[in-house]
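These notes are about the structure you will find just below.
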Amino acid sequence: MSLNLTILEDRKNIIRKLQEIEILCILQNKESKNAFELLMKVWNKLSDTFWYSGYWHDYFRCCKIALNAANSLNDVAAQGKIFNELGWIYLEWEYYTFAQEYFEQSLHKFQLNDNTLGQCQSLRDLGITYYRQGLLDSALKCYSQALNIVIIESPKVPIYEQNKWTIYEAELHNVMGNLYLVQENFTASYHELYLSLDKYCAMGEQYCYYQAAPLLNLGRLYFKQGDYDQARQYYQKCFLICKKINRTDMLAGVLLRLAELGEIEGKYEEAIQLAGESERVAGTEIISVRDRAALLKEKLLSKASF
């Protein structure tokens, strides 16, 4: 069956199929185990496309279906993964209490299953939840715990699994760089963000998706220091990657940052256009960016009218 997930009806069909398989899992008969393996195989194949394309509400519905099935079979490994996925959705929707709850449950399941890579992921995401609430000490503690796991465990894994660990290590340097940026510790922030970007670039073009975040944060670093030319260069690099791979969430964010840059440079018409485009790309899925872009556009329109 050929699917085009940009088509609403195709996404609805996938959700209906997953619901049918979910029922087989919940029945807990001789077919349930095979049904669950099929459900997770389909969901693991499609989840990244749902997420990267910005279909977050559909992603959420599929996660709930998968979780119901995993709970019915008490599959601890799957529960850990799905709890983490749900936590990230709540984090992006700014429901921090729910996000923290799901990340803590995810961490617990990964500990039960002795999944150190999963523990690293949950600690990182829990740290991001604390960070977004302004709890920087708690965030840094989680990041440091996750990085310590990477340092201890990554030398033990076979070569074919190294990339997974490198991704988490690079991401931890990115989020730590972002935290230091908020604290205006620019030297530490620069070090962490460049370390993150270097590790991602060394992994090759197929991992360019991950380069977007440190590029955006390096742009923010230079913006906060008043070096607007350098900020624009990093924002543009981030923008080009996001357009190339259709990474909607980061594209909305970098358009907003470019609009902020246009505002400070007095280019109100350009900034209004960029803020409007950020709002459009964010749509109904990326709520926090959409709302910030709308507020900025309103402010810019009032400035431009004078």
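Annotations
- Rg/Rh for the range 55-188 (Cα atoms only, Rh after Kirkwood) is 0.99.
- Straight Cα distances below 23 angstrom link LYS303 to the lysines LYS224, LYS267, with same-chain residues fewer than 8 positions distant left out.
- Over all Cα atoms in the chain, the spread is summed up by Rg and Dmax: 20.5, 72 Å.
- Per-selection Rg to Rh, the range 42-91 - Cα, Kirkwood hydrodynamic radius: 0.95
- Among TRP93, GLY127, SER32 - extreme Cα towards positive end, dipole of the range 3-136, charges at beta-carbon: SER32
- For the range 240-253, 3J(HN,Hα) per residue [Karplus equation, 6.51 cos²θ - 1.76 cosθ + 1.60, θ = phi - 60°, Hz, x = Gly/Pro]: 5, 5, 5, 5, 4, 9, 6, 8, 5, 4, 6, 5, 4, x
- Charge dipole magnitude, Cβ of K and R +1, D and E -1 - the range 217-304, Cα centre, debye nearest 20: 220 debye
- Ranking TYR190, HIS173, ASN113 by Cα position along the charge dipole of the chain, where only Lys, Arg, Asp and Glu carry charges on their C-beta atoms, puts ASN113 farthest toward the positive end.
- Three-way shape label, the range 199-238, alpha-carbon gyration tensor, a/c 1.5: prolate
- Once the Kirkwood radius over Cα pairs is known for the range 138-177, the Stokes-Einstein relation at 25 °C and 0.890 mPa s delivers a diffusion coefficient of 236 µm²/s.
- Computed over all pairs of different Cα atoms, the Kirkwood value for the hydrodynamic radius of the range 227-299 is 11.9 Å.
- The residues of the chain expose, per residue, 49 Å² of accessible area to a 1.4 Å probe.
- In this Cβ point-charge picture (+1 for Lys and Arg, -1 for Asp and Glu), the chain has a dipole of about 400 debye about its Cα centre.
- Carbon/sulfur fraction of accessible area - the range 181-306, other protein chains in place, 1.4 Å, %: 52 percent
- Carbon + sulfur, % of accessible area of the range 120-179 - ligands and nucleic acids excluded, 1.4 Å: 53 percent
- By the Kirkwood approach, averaging reciprocal distances over each pair of separate Cα atoms, the range 132-209 gets a hydrodynamic radius of 13.2 Å.
- Vicinal HN-Hα couplings computed from phi for the range 79-92 (Karplus, 6.51 cos²θ - 1.76 cosθ + 1.60; Hz; Gly/Pro x): 4, x, 5, 6, 4, 5, 4, 5, x, 5, 4, 5, 4, 5
- Net charge over other residues, Cβ less than 10 angstrom from the Cβ of LEU91 (K, R count +1; D, E count -1): -2
- Inter-centroid distance (Cα atoms) of the range 34-50 relative to the range 180-228, Å: 33 Å
The values are calculated or read from the model by the stated rules, or taken from the named source; none is laboratory data. Note that the structure is predicted; figures quoted are calculated from it, not measured. Note that each Cβ is placed from the backbone with ideal geometry, even for glycine, and that neighbours are counted across all protein chains shown. Side chains are part of the model used for accessible areas, which takes the heavy atoms of the whole protein and leaves out ligands, DNA and RNA. Shrake-Rupley method; radii C 1.70, N 1.55, O 1.52, S 1.80 Å.
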